[in-house]
Amino acid sequence: MAYYLAIDEGTSSTRTLLFDEKFNLIDFSQKEINMYYPKPGWVEQDAEELYQKTEETMLEVLEKNNISWNEIIGIGITNQRETVVAWDKNTGKALTRAIVWQCRRTDELINRYSASFWNEVKRKTGLVKDPYFSGSKIVWMIENVPAVKEAYENGNLKVGTIESWLAFKLSGKHISDLSNASRTQLLNIHTLDWDDEILNTFGIKKDILPQLVNTAIEGGIETKFGPKIYGMIGDQQSALFGQRAFEIGDSKCTYGTGAFVLMNSGNTPPKPHPGLLTSIGWKIKDETIYSLEGSIFTVGAFFKWLKDIEIIDDYPDLEKYSLDNDNGGVYIVPALSGLGTPYWDADARGLIIGLTRGTKKENIIRAALESVAFSVRDVIDSMQEAVWTKIKKMNVDGGATKNKLLMKIQSDLLNAEIFVPEFQEITALGAAFMAAIGSENLSINEIKNLQFSGIKIMPEENEKLERDYYIWKEAVLRSKGWIKSTNINF
C-alpha cells in the first residue's frame with residue numbers, strides 16, 4: 001500500500017489525515033490550537049505551536065498505523081488563510097505570535113490609504129478594503145513589533161501565510177502557493193505575481209515574501225522526513241476542489257468557524273463586484289482557475305459563543321430547541337467580528353433585536369440558527385446577481401452540516417438542492433487530491449469519476465422564512481457601522 005498525508009491546519013486545530021491511494025480515509029490525528037486575545041478584536045496564535053503540533057500529528061498518525069515515511073507518496077497542505085507569520089531567516093524562529101485572519105487590529109491602519117489605492121487593490125487583487133487580509137497585518141508587524149522591525153531593517157525577515165510557514169519548517173524553502181497568495185492583497189491575480197505598486201504603497205519589500213508556486217507542485221518540495229510536498233492550497237479553495245467543483249458555476253459552502261461560499265468562475269477573473277471577492281482557486285500546470293467568494297466571518301464561532309455564555313449546553317441543543325419553535329419575532333446579526341460579504345464593515349457589531357417580555361430561550365436559539373442561513377442567502381443573492389446564474393444546487397461541508405434543521409432552512413431559503421456528502425473531510429480530501437495531481441498519480445478527469453454518497457435536501461416554499469429574511473436584512477443595516485455611529489464622548 002501507498003498513502004497520501006493531508007495536513008489540515010485550521011483555525012481551532014491542526015490535523016493530519018492519512019488517505020490510501022483510493023482516497024479512503026485510514027486515520028487521522030488532531031490537536032487543538034491555543035488562541036490568544038490580548039485586546040478586544042485582536043486574535044493571535046503561537047506560530048511555533050502551530051508547527052510543533054502539526055509535526056506531532058504527522059508522526060502520531062504514522063506510528064498508530066505502523067506506516068513508514070517511505071510508504072507516503074506525497075504530502076498535501078491545506079490551511080487557514082490570511083493568517084500571517086513573521087520569522088528570522090537565519091534562526092528559522094517566529095519573531096512574534098501569528099496574527100490570525102479574524103484579527104481586527106488594522107481597522108485604523110487601513111484608513112491611511114486613499115480610496116483610489118483601494119480601488120486599485122480591488123481591481124488587481126480581487127479583494128476589498130478590510131483588515132481581514134494579510135497585507136495590512138504585515139505592515140502592522142513591521143511597524144509595531146521591535147523584533148520584526150529589526151529583522152526587516154537588517155534583511156533577515158521572512159513573512160508568509162500558514163502554508164508558507166509549515167513548508168519552511170518542513171523543507172527550509174520559503175514558498176507560497178497561488179491560492180493562498182491571492183488572499184494577501186499583495187498578489188496581482190491577472191499577472192500571477194506580487195504587485196510592485198501595491199507593495200510600494202504598503203512599504204513592504206518584495207524580498208521578505210515567498211517564492212510563488214502552483215497549488216499542484218510539479219516535482220514537489222522535499223521535506224526533512226523524505227516525502228515531498230506536492231500540493232498546497234487554501235482551505236476554502238481546497239473544499240471547492242474536494243467537492244469536485246470543476247465546472248463554471250459549481251459552488252459550495254463550508255460551515256466552519258466562519259462560512260465561506262465559493263463558486264468556480266473559470267479561467268478568467270470575473271468582473272469586479274462590490275461585495276464579492278475574486279481569488280485564485282487553483283493552478284495546475286498552465287491552467288489557472290478563479291473562484292468567486294463570499295465570506296461570513298462568524299458561524300461556528302457564534303455557536304461557540306452561545307455555548308460559552310451558557311445559552312446552550314452543547315451544539316445538538318441548537319436543533320433540539322429550534323425544531324418546535326419559531327424565532328418569536330427575534331432576529332440576530334452574528335457580527336462578532338464585523339460583517340463580511342456583501343457589506344465589508346469592520347465597525348459592525350452583533351445585534352439581537354425584537355426581544356419582548358414573552359421571548360423565550362428557544363426563540364433566541366432558533367433566531368441564531370436562522371441568522372446563519374440568512375447570512376449565506378445574502379451571499380448567494382450577491383453571487384447570482386454577479387454572474388446572472390441561478391444556483392440550483394449547493395454542495396456543503398463543515399461541522400454545522402450535521403444540523404439537519406439548518407440545512408433544511410438553508411435549502412428552503414435558497415430554493416435549491418443542498419447536497420451533504422457522507423464523507424465530511426472535504427477540505428483535507430482536496431489537499432490529498434492536489435498532492436496526487438502534483439505527484440502525477442492522478443488527473444482531474446479521474447477525480448471526476450470518483451463517486452460520492454450523501455444526503456440530498458430538497459427545497460419547499462416557505463413564505464414566513466422568506467419574509468423573515470427581509471426583516472433580518474433590516475436588522476443588518478442597524479448593526480452596520482455601530483462603533484463609529486455612537487460618537488459618545490465623556
Using DSSP H assignments, which helices in the chain have an axial alpha-carbon span of 30 Å or above and a mean Kyte-Doolittle hydropathy of -0.5 or higher? 361-387
Taking amide H atoms as placed 1.01 Å from N in the peptide plane, list the residues 5 or more away in sequence, or in a different chain, whose amide H sits under 5 Å from that of D193. N188
By average Cβ neighbour count within 10 Å, what is the ranking of 58-65, 34-41 from highest down? 58-65, 34-41
Restricted to the stretch 3-250, the DSSP antiparallel beta bridge percent, nearest 5, is 65
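In the stretch 350-436, what trypsin sites (Lys or Arg not before Pro) fall in a loop by DSSP, with at most 13 other Cβ atoms inside 10 Å?
R357, K360, K390, K392
Taking 26 Å as the cut-off for C-alpha to C-alpha distance, list the pairs among K392/K473; K304/K480; K393/K480; K124/K473 that go past it.
K393/K480; K124/K473
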What aspartates and glutamates could a cross-link reach from K129, if we take a straight Cα to Cα line under 19 Å and drop same-chain neighbours fewer than 8 places away? E82, D107, E108, E120, D195, D196, E197, E293, D345, D347
Distance between the C-alpha centers of the stretch 253-329 and the stretch 1-72? Whole Å please. 22
Quick one: Cα centre-to-centre distance for the stretch 88-121 and the stretch 233-247, in angstrom? 26
Using 20 Å as the Cα-Cα cut-off, could you pick out the over-long pairs in K31/K283; K307/K464; K149/K205; K89/K283; K283/K390? K31/K283; K307/K464; K89/K283; K283/K390
Placing each pseudo-label 7 Å from Cα in the direction of the beta carbon, N449 and Q384 end up separated by a distance in nanometres of 3.6
Which whole-angstrom value gives the distance between the alpha carbon centres of the stretch 457-473 and the stretch 403-435? 20
Computed helical MRE - 222 nm, the chain, DSSP H runs ≥ 4 contributing -39500 (n - 2.57), nearest 500: -10500 deg cm²/dmol
Given H placed 1.01 Å from N in the peptide plane, which residues other than close sequence neighbours of A348 have an amide H under 5 Å from its amide H? L339, G481, W482
Restricting to bridges with both residues inside the chain, how much of the DSSP beta-bridge set is antiparallel, in percent to the nearest 5? 70
Charges on Cβ only, +1 for Lys and Arg, -1 for Asp and Glu, centred on the Cα centroid of the chain; of Q30, G92, C103, which one is farthest towards the dipole's positive end? C103
Of (i) 4, 18, 28, 28, 17, 5, 0, 0; (ii) 4, 16, 20, 16, 13, 14, 11, 6, 1, 0, 0; (iii) 4, 20, 31, 27, 14, 3, 0, the label for P(r) over Cα pairs in 10 Å bins from 0, in percent derived from the coordinates: (iii)
Going toward the positive end of the dipole of the chain, with +1 on Lys and Arg Cβ and -1 on Asp and Glu Cβ, which of T427, F241, G350 do you reach last? G350
Computed lengthening from N65 to S116, 0.36 nm per intervening residue step minus Cα-Cα distance: 12.8 nm
Apply the Karplus parameterisation 6.51 cos²θ - 1.76 cosθ + 1.60, with θ equal to phi minus 60°, to every residue of the stretch 309-318 and state each ³J(HN,Hα) to the nearest whole Hz, in sequence, with x for glycine and proline. 8, 6, 6, 10, 8, 8, 4, x, 4, 4
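Read-outs: derived from the displayed coordinates by stated rules, not from any lab. Source: prediction; values computed, not measured. Cβ coordinates were reconstructed from backbone atoms using ideal geometry, including for glycine residues, and neighbour counts include every protein chain displayed.
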